[in-house]
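Report on the following structure.
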Amino acid sequence: QVQVVESGGGLVQPGGSLRLSCAASGFTFSRLAMSWYRQTPGKERDLVADISSDGTSTNYADSVKGRFTISRDNAKRTVSLQMNSLKPEDTAVYYCNARRVSVLGKEVDYWGQGTQVTVSS
């Protein structure tokens with residue numbers, strides 16, 4: 001069973017920066033694709049950024065391109081989301097997602113408990 005734990009959320013002023021971290025255990029980390037999602041009340045959980053298992057491929061939502069950077073350290077079994085130039089609309093609960101492929105070829109998702117990010121003056 002993969003366990004996923006996020007950290008690093010908090011309150012930040014507009015224009016500020018915040019770094020989220022996520023640790024995953026219970027599976028070979030270098031075989032997990034990792035992603036960050038965010039969700040606000042009454043809305044669906046949206047993809048923010050993802051990174052391939054080997055770290056060579058990344059993908060970002062248009063709303064965060066140029067401001068957020070996802071990275072991973074397979075030796076430390078962690079993935080991070082560096083968030084710069086934060087805007088009030090970035091306020092949300094941020095979730096870390098780990099995805100593995102089962103022996104039957106099915107994608108299996110594991111989620112962290114979420115961490116609140118609030119951008120406000």
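The values are calculated or read from the model by the stated rules, or taken from the named source; none is laboratory data. Worth saying up front: this structure is predicted, and the values here are computed from it rather than measured. Methodologically, a virtual Cβ is constructed for each residue, glycine included, from the backbone with ideal geometry; neighbour enumeration extends over all protein chains shown. For the accessible areas, the whole protein counts, side chains as well, though only heavy atoms, and no ligand, DNA or RNA atoms are used. Shrake-Rupley method; radii C 1.70, N 1.55, O 1.52, S 1.80 Å.
Within segment 56-112, the trypsin sites (Lys or Arg not before Pro) that combine a DSSP coil assignment with at most 15 other C-beta atoms in a 10 angstrom radius are LYS65, ARG67, LYS76, LYS106. Note on segment 54-121 and segment 1-22: Cα centroid distance 9 Å, given to the nearest whole angstrom.
Are there GluC sites (Glu not before Pro) in segment 38-121 that DSSP puts in a loop and that have at most 10 other Cβ atoms within 10 Å, and which ones? List each step's numbers first, then the result.
Details: sites: GLU44, GLU89, GLU107; in loops: GLU44.
Sparse-neighbourhood loop GluC sites (Glu not before Pro): GLU44.
In the assembled protein chains, LEU11 presents an accessible area of approximately 130 Å² (probe radius 1.4 Å).
Quarter the surface of the alpha carbon convex hull of segment 5-70 and you get the mean projected area, 5.5 square nanometres. Measuring nothing but how far apart in sequence close Cα pairs (under 8 Å, 6+ apart) lie, relative to its length, segment 1-111 scores a relative contact order of 32 percent.
Based on a Kirkwood Rh over C-alpha pairs, give the Stokes-Einstein translational diffusion coefficient of the chain at 20 °C and viscosity 1.002 mPa s in µm²/s. Don't skip to the answer; put the middle values down first.
Working: Rh = 14.4 Å.
Estimated diffusion coefficient is 148 µm²/s.
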